[in-house]
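S.K.: Pasting a structure below so you can have a look.
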Amino acid sequence: MGFFFFLFAIVAVAGAVGVVALRNPFYCALSLAVHLIALALLFLLLEAQFVAAAQVVVYAGAVVVLYVFVVVYVGGGSKPEPLWRASARQRGLAGLFGAAIFIELSIAILGTGLKALDGDGAKLGAGYGSPGQIGELLLIKHLLAFELASFLLLIAAVAAVALAGRRQGLEDDVFPDMEIVDVRRPAATGTMGEAVGGYGLLVPPTGSEPAPEPAEPDTAGGAPVGEAR
Amino acid sequence: MAVNWYLVVSALVFSLGAVGVLVRRNPLVVLLCLELMLNAGNLALLGFARMWGDGSGQIFAVVVMVIAACEVAIGLGLIVALYRRRLPIDVDELRELHG
């Protein structure tokens with residue numbers, strides 16, 4: 001158990017370091033995927049099977065793919081140099097800040113009054129962390145949180161579409177205004193003249209005029225073909 | 001393993017994410033580092049749930065994942081909107097949030 005814990009923990013921390021330190025945002029996203037999968041394995045060690053599965057599906061599956069799509073769309077990888085432009089002083093301050101947070105959290109963990117932290121945890125009932133138990137808790141005990149989360153997801157989806165959607169004036173119109181009749185077609189196609197078989201009569205010999213008026217007399221001698229339009 | 005160790009890993013990942021948010025200039029990578037911090041919180045939540053043997057902490061973690069997904073959707077929407085307006089994709093250049 002201990003071996004697996006240290007293996008997954010080292011992989012997770014290495015992935016986190018990669019997210020922070022790699023210059024290309026695409027590699028950052030891939031590093032985040034490694035970190036998330038290692039974290040899902042740590043969740044499994046904590047007997048949280050459902051959360052681990054959801055982590056792999058939601059994060060490593062959906063969120064990272066979304067990131068990769070946006071990185072490809074924005075094209076951040078073309079100029080990786082300006083992405084790491086923090087001044088040396090700012091970098092030093094950020095490092096100090098991070099070290100301070102870590103030391104504070106470690107002091108809090110070590111100095112806490114929670115004696116149970118030193119042990120392996122409480123005795124677990126059957127089905128702890130299983131989808132059945134999670135579903136029961138989610139739909140009975142924490143129903144309000146479940147419903148609020150679903151509303152939050154809906155609002156976020158609407159907001160994402162409203163933010164990223166195509167709006168007028170943001171960019172040039174790819175397609176100018178066109179009517180359906182502007183599409184090029186042979187003259188007299190789609191008119192009554194074509195329907196009654198007089199199509200050949202209506203086509204001008206040169207094709208210069210789009211719709212010839214029936215100035216020419218009927219030479220074929222059939223039924224007189226009227227101008228449809 | 002004792003729950004302590006999970007909390008130490010969680011604290012380490014959280015501070016790494018905080019450093020990334022402070023240091024990086026690309027909003028995409030800032031969002032990635034925010035994900036790191038949220039996941040560190042999730043790891044701590046699951047550790048405490050394991051400590052008490054109570055499943056409610058796992059529900060908490062699931063709700064945090066939902067919130068992270070919302071944050072990703074809105075953040076990436078903002079970045080795409082920035083790109084559409086030909087604004088620089090750089091948090092140092094984006095000092096005015098109006099309009």
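S.K.: With the condition kept exactly as written, say whether any residue in the range A:8-16 is open to solvent by less than 10 Å² (accessible area, probe 1.4 Å), within 7 Å of chain B (Cβ to nearest Cβ), free of Cβ contacts under 8 Å to residues at least 24 places away in the same chain and not small (Gly, Ala, Ser).
M.R.: There is no residue in the range A:8-16 that is open to solvent by less than 10 Å² (accessible area, probe 1.4 Å), within 7 Å of chain B (Cβ to nearest Cβ), free of Cβ contacts under 8 Å to residues at least 24 places away in the same chain and not small (Gly, Ala, Ser).
S.K.: Looking only at the range B:42-66, count every residue that is surrounded by fewer than 22 Cβ atoms within 10 Å (Cβ to Cβ), more than 7 Å from chain A (Cβ to nearest Cβ) and closer than 28 Å to residue A:161 by Cβ and tell me the total.
M.R.: Total meeting the criteria: 1.
S.K.: Looking only at the range A:103-145, which residues are assigned to a helix (DSSP H, G or I), out of contact with any Phe, Trp or Tyr (no Cβ under 8 Å at 6 or more places or on another chain), within 24 Å of residue B:17 (Cα to Cα) and open to solvent by 40 Å² or more (accessible area, probe 1.4 Å)?
M.R.: If the condition is that a residue be assigned to a helix (DSSP H, G or I), out of contact with any Phe, Trp or Tyr (no Cβ under 8 Å at 6 or more places or on another chain), within 24 Å of residue B:17 (Cα to Cα) and open to solvent by 40 Å² or more (accessible area, probe 1.4 Å), then A:103, A:104, A:107, A:108, A:110 are the ones that fit.
S.K.: Quick one: which of B:82, B:78, B:38, B:31 is buried (at least 16 other Cβ atoms within 10 Å of the Cβ) and touching a Phe, Trp or Tyr at 6+ places or on another chain (Cβ under 8 Å)? Before you say what the answer is, go through the steps one by one.
M.R.: Working: B:82 fails: touching a Phe, Trp or Tyr at 6+ places or on another chain (Cβ under 8 Å); B:78 fails: touching a Phe, Trp or Tyr at 6+ places or on another chain (Cβ under 8 Å); B:38 fails: touching a Phe, Trp or Tyr at 6+ places or on another chain (Cβ under 8 Å).
Of the residues listed, the single one that is buried (at least 16 other Cβ atoms within 10 Å of the Cβ) and touching a Phe, Trp or Tyr at 6+ places or on another chain (Cβ under 8 Å) is B:31.
S.K.: So how many residues does the range A:21-49 have that are more than 7 Å from chain B (Cβ to nearest Cβ) and open to solvent by 40 Å² or more (accessible area, probe 1.4 Å)?
M.R.: Result for the range A:21-49: 11.
The values are calculated or read from the model by the stated rules, or taken from the named source; none is laboratory data. Everything numeric here is computed off the predicted structure, so don't read it as measured data. No Cβ is skipped: glycine too gets one built from the backbone with ideal geometry, and neighbour counts run over all protein chains shown. The area values use the complete protein model at the heavy-atom level, side chains included, leaving out ligands, DNA and RNA. Shrake-Rupley method; radii C 1.70, N 1.55, O 1.52, S 1.80 Å.
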